[in-house]
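Just below is one structure, and these are the notes that go with it.
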Amino acid sequence: MTGERGRALAGLRELTRTRVLAFLREPEAVFWTFVFPVLLALALGVAFRQQQPAPARVGVARGPTTAAFETWLAAAPDLEVVPLAPGAADEALRRGRVLVLVTADPAGRPVLTYDPTRPETNLARRAAHDALERGAGRRDRLDAQQRAEVRAGARYIDFLIPGLLGMNLLGTGMWGVGFPIATARQQKLLRRLIATPMRRRDYLLSLVLNRFVWLGPEVAAILGFGMLAFGVEVRGSWAALLAVHLVGAFAFAALGLLVASRARTIEAVSGLMNFAMLPMWVLSGSFFSSERFPAAMQPIVQALPLTAANDALRLIMNEGAGLFAVGGELAILAAWGAGGFALALRLFRWE
């Protein structure tokens, strides 16, 4: 029994080594695993870098009674006044060159026109209305104190990096496992393995272990870049961060095995992969909060493995959470991993 177990472990070790070396021979896979996430973090981090918000552009349609409006609005530090000819005012609002358009009614009173479906226009409308009222002589009855604070972990880049880590776990886990299986099956390589004493479990497990081998460099590339370029910090437990990555990598690799367990061609596995990943790309909050979706959708959103991974990573990195605090998210990832691997093992066919 001991000899058989030793031979099985040796075979699993060789299978894993083969998958590791095969990964290095695929420059496309290396690019999408290590280079692309860093480039994406750089582009989005620069685009949404921490800076003072630009003044809201408010257009004023020039007329006999609007000169005072321009003066009152110009006194507000968070507004940029754009004088407009009457014929160009509607076009400027329609094309988004201004957020709010101020005109005058027949009695000379200001009229504010804006699109209520755009959140930024609501803020600009309130600021413009406040400036006009102050210019007309309004005085505040309550002198509320104002205090500006920049909270640690509240920048967009602090929100983005954990989302990119989760997205990379999903992408490399599913594509990195599903594609080699589909390629080998299409090239009739899996059929040859039937004659060997190798077990299906060992073959599938070697693909999962290959993901663990590359997990460290993959995470170090994204996290290290975020730390060096944007000052991103890990405020919580490093042990918890490691646990989330290990369990998350297993969960997504198991899903990749499941999707590719019967796929006969590259085209088929590509369609199945996109079908499985698309809901998580949209719903799981990698680039914006998943709480934006209606309450009726939240049970589905929260049950997705990528949502659990993203939420756990943000709790650890931005809020200083420990292992116990992300226990629920780890349980969701572990359930997807164990269920996916068991089902993949049952459904997998060599041919």
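Just a few scattered comments:
- Among the residues listed as ALA61, ALA8, the single one being more than 20 Å from TRP214 (Cα to Cα), modelled with pLDDT under 65, surrounded by 14 or more Cβ atoms within 10 Å (Cβ to Cβ) and among the small types (Gly, Ala, Ser): ALA8
- Within the range 84-113, the only residue that satisfies the criterion of being farther than 22 Å from PRO64 by Cα and crowded, with 20+ Cβ neighbours inside 10 Å is LEU99.
- Within the range 201-230, the set of residues being in contact (Cβ under 8 Å) with a residue 40 or more places away in the chain and surrounded by fewer than 16 Cβ atoms within 10 Å (Cβ to Cβ) comprises ARG201, VAL213, PRO217, ALA229.
- Boolean, GLY226 is assigned by TED's automatic domain parsing to the domain that holds GLY45 and either modelled with pLDDT under 85 or hydroxyl-bearing (Ser, Thr, Tyr) (or both): no
- Scanning the range 92-127 for residues that are within 10 Å of GLY59 (Cβ to Cβ) and of a type in the set (D, E, K, R) turns up just one, ARG97.
- Residue within the range 309-318 that is surrounded by 22 or more Cβ atoms within 10 Å (Cβ to Cβ), at pLDDT below 90 and over 19 Å from ALA260 (Cβ atoms) present: no
- Some residue of the range 34-53 being in contact with a Pro (Cβ under 9 Å, 6 or more places away or on another chain) and either at pLDDT 80 or above or surrounded by 12 or more Cβ atoms within 10 Å (Cβ to Cβ) (or both): yes
- Of residues in the range 61-108 being among the acidic types (Asp, Glu) and touching a strand residue (DSSP E or B) at 6+ places or on another chain (Cβ under 6 Å), the one farthest from ASP130 (Cα to Cα): ASP105
- Checking the stated criteria, SER286 turns out to be within 17 Å of LEU160 (Cβ to Cβ) and assigned by TED's automatic domain parsing to the domain that holds GLY176.
- Extreme residue, farthest from the chain's Cα centre (by Cα), among residues of the range 139-166 that are among the β-branched types (Val, Ile, Thr) and at pLDDT 75 or above: ILE157
The values are calculated or read from the model by the stated rules, or taken from the named source; none is laboratory data. Everything numeric in this text was worked out from a predicted model, so none of it was measured. Cβ: placed from backbone, ideal geometry, glycine included. Neighbour counts: every protein chain shown.
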